[in-house]
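Chemist: Have a look at this one before I ask anything.
No value in this document is a laboratory result; all are computed from the given coordinates. In this text the structure is predicted, and so the values were computed from the model without any measurement. Cβ atoms come from the backbone with ideal geometry, glycine included; neighbour counts cover every protein chain shown.
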Amino acid sequence: MRPVVAALTGPVGLPLAMLAASFLLRSLSYVPAVIDTDEGLYIVQAREWLAGTWPLIGTWDMHPIGAPALAALAMLLPLPVVFAVRLLGTIAVAATGTALVVLARTLGLPAIPAFAAGLLSVAMTVNFGGLATNTEILFAPFAVTALAIAAREAVRALDEAEKPRLPALAAAGLLVGIALTIKTNAFLEGCFAFAVIAGAGLVSRELPLRRLPVFALVYAAACAAPTVVIAIAYAVQGAFGIFLDVWFVAPLRYVGARISFRDAAWMVVSIALFLAWPLALAAATLLPRAGVARPARFGAVWLGVAILAASAPGMFFNHYFLILLPPLSLLAAAGAWALANRLLPARPGLLLAIMLGVLAANSWLADAARRVELGPGFRRPDPVRQVVAAVQQAVPPGSPIYVANYHPVVYVLAGMAAPTRFVFPAHLAGWYSGVTGIDADAEIDRVLASRPAAIIVDRGWWSAIRPPIRPVIEAALARDYVFAARVLEANGPVEIYRLKDLP
């Protein structure tokens with residue numbers, strides 16, 4: 001058994017094992033064209049970037065440009081677009097699991113529970129919309145690796161009486177900086193990483209108090225470096241104002257639209273119920289003489305930071321809670337190890353494998369059963385691909401089309417042009433138009449006046465279009481368009497309308 005554990009946790013075996021587990025557990029993600037609408041926006045931005053127009057300039061979003069940058073790299077591969085982007089997510093999840101194992105080992109967790117923590121984090125990402133290659137999936141490997149570096153420096157200071165190293169501090173800061181170019185929610189985990197390094201140095205007295213400002217400046221500079229480089233790139237293109245608005249102003253407009261306390265409370269309760277078993281295992285770290293004090297303390301504070309990061313925007317979308325999974329996996333593995341040593345001290349690894357194996361399997365089965373029963377591409381055709389085929393049949397290749405309230409990935413899969421920078425439906429015709437900082441009604445009037453070759457309307461989500469905009473779109477359809485095709489979606493029909501005088 002020991003040679004197997006050594007091989008799986010070694011420098012080569014560990015990432016390969018995590019990659020294999022990630023690919024296996026996330027294999028169902030390669031079937032549907034859409035899992036989360038946000039992912040499609042990053043794909044549209046990546047397509048425009050590969051064609052020469054940077055994100056935000058060509059295609060607007062309220063997120064930084066890290067996600068479309070990584071999506072663009074994936075789309076350079078000679079693979080179908082959706083497969084390539086989902087493969088990117090698979091690799092990111094494997095990298096997060098690998099970093100989490102290293103972090104757990106650094107904190108003193110034995111190889112078996114440390115490896116289990118990584119596997120559990122991989123398995124649980126199939127939930128909360130985590131099968132899509134979303135921002136939380138993409139920034140996690142950078143944030144967790146930064147925390148692994150921070151933990152190593154803290155252990156050196158506390159156990160080995162070694163001074164925290166500036167190069168290690170800068171490396172952690174740079175990783176946090178990259179995470180911040182993907183999503184600003186990584187800010188709090190970045191603060192935690194610095195607190196771990198600096199706090200351990202101060203407690204051990206290996207970091208003199210007078211040196212703390214120097215450490216803080218180095219760390220802040222490293223964190224800011226990727227954003228500064230991007231700011232310069234936009235300034236060179238004469239688009240610094242766009243960069244400034246997206247990075248610093250749009251998030252404030254977004255937070256201003258937060259959901260009610262009542263809705264947030266219901267969401268939190270549902271998330272807690274879903275995570276009840278890993279939370280119960282995490283509570284086992286509190287057992288007397290559990291032997292996992294350091295990973296338990298680190299994991300508990302980290303989980304608190306992650307909860308703040310997930311809830312700070314005040315929206316409580318499912319995928320925000322993916323941020324909780326790495327620290328919760330660490331705590332669950334540590335708690336399961338403590339419990340296994342109490343209940344079966346002769347074979348704790350066996351009991352640990354059973355507990356976490358059942359938890360991981362249940363996590364996967366809960367998602368898989370739903371997808372196989374109702375999911376597109378399994379029991380029934382994929383409606384997104386049907387819409388793509390209908391659009392391709394209705395209008396010439398490369399035509400401008402307007403996706404009023406459906407998935408923006410249709411632009412890319414159908415090979416059509418977008419008539420506006422604001423391709424995410426909620427940002428233009430939907431309820432989050434205020435986040436853009438523009439006159440959304442005027443932009444819709446301009447789009448409709450340009451008479452795109454086709455308009456796609458999802459009747460099942462017609463209520464997602466703002467009431468004043470619904471008659472405007474209906475009037476344009478009645479005046480300039482003819483019905484071309486209808487595709488049945490989960491909540492109702494998706495209708496494709498073709499321009500009347502289109503050749």
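Chemist: Evaluate the relative contact order of the chain (contact order divided by residue number), counting alpha-carbon pairs under 8 angstrom at least 6 apart; express in whole percent.
Modeler: About 16 percent, as a whole number.
Chemist: Shifting gears a bit: To the nearest 500 deg cm²/dmol, what mean residue ellipticity at 222 nm is calculated for the chain from DSSP H runs of n ≥ 4 alone, each contributing -39,500 (n - 2.57), summed and divided by the residues?
Modeler: -19500 deg cm²/dmol
Chemist: Taking N as the number of residues in the range 92-212, what is its alpha-carbon radius of gyration divided by 2.2 N^0.38 Å? Present the calculation step by step, with values, prior to reporting the outcome.
Modeler: Details: Rg = 15.0 Å, N = 121, 2.2 N^0.38 = 13.6 Å.
Taking N as the residue count of the range 92-212, the ratio is 1.10.
Chemist: May I ask you to give the average projected area over all directions of the convex hull of the Cα atoms of the chain, in nm² rounded to one decimal?
Modeler: Its Cα hull, projected and averaged over all orientations, spans 24.9 nm².
Chemist: Contact order normalised by length for the range 440-503, with contacts defined as Cα pairs under 8 Å and 6 or more residues apart; what percent is it?
Modeler: Computed over the range 440-503, the figure is 41 percent.
Chemist: Further question: Taking the Cα centroid of the range 93-153 and of the range 452-478, what is the distance between the two, rounded to the nearest whole Å?
Modeler: Each part reduced to its Cα centre gives a spacing of 43 Å.
Chemist: Right, here's the next one. Among V214, V101, what is the fewest-to-most ranking by other Cβ atoms within 10 Å?
Modeler: Exposure proxy ranking, most exposed first: V214, V101.
Chemist: If I require 30 Å or longer along the helix axis, counting alpha carbons, and a Kyte-Doolittle average no lower than 0.5, what helices from the chain are left? Use full DSSP H segments.
Modeler: Those that pass (Cα extent of 30 Å or more, hydropathy at least 0.5) are 81-106, 135-159, 212-236, 348-374.
Chemist: Taking GluC sites (Glu not before Pro) as candidate sites, keep only those in a DSSP loop with at most 15 other Cβ atoms within 10 Å, then name the longest stretch of the chain containing none of them.
Modeler: Free of exposed loop sites, the longest segment is 163-503.
Chemist: Amide H to amide H under 5 Å from A484: which residues, 5+ apart in sequence or cross-chain, H placed 1.01 Å off N in plane?
Modeler: I496, Y497, R498
Chemist: Which values, in whole Å and largest first, are the semi-axes of the equivalent ellipsoid of the range 406-493 obtained as the square root of 5 times each eigenvalue of the Cα gyration tensor? Spell out each step's value before the answer.
Modeler: Details: eigenvalues 70, 47, 44 Å².
For the range 406-493, the ellipsoid semi-axes come out as 19, 15, 15 Å.
Chemist: Another question about this same structure. For a quick size check, give me the Cα extents of the range 1-154 along its three principal axes, largest first, whole Å.
Modeler: The Cα atoms of the range 1-154 stretch 52, 35, 27 Å along the principal axes, largest first.
Chemist: From Cα coordinates alone, what are the radius of gyration and Dmax values for the range 247-402 in angstrom?
Modeler: Over the range 247-402's Cα set, Rg and Dmax evaluate to 21.8, 70 Å.
Chemist: Can I ask one more? Quick one: Cα centre-to-centre distance for the range 242-308 and the range 32-78, in angstrom?
Modeler: Centre-to-centre distance over Cα atoms comes out at 27 Å.
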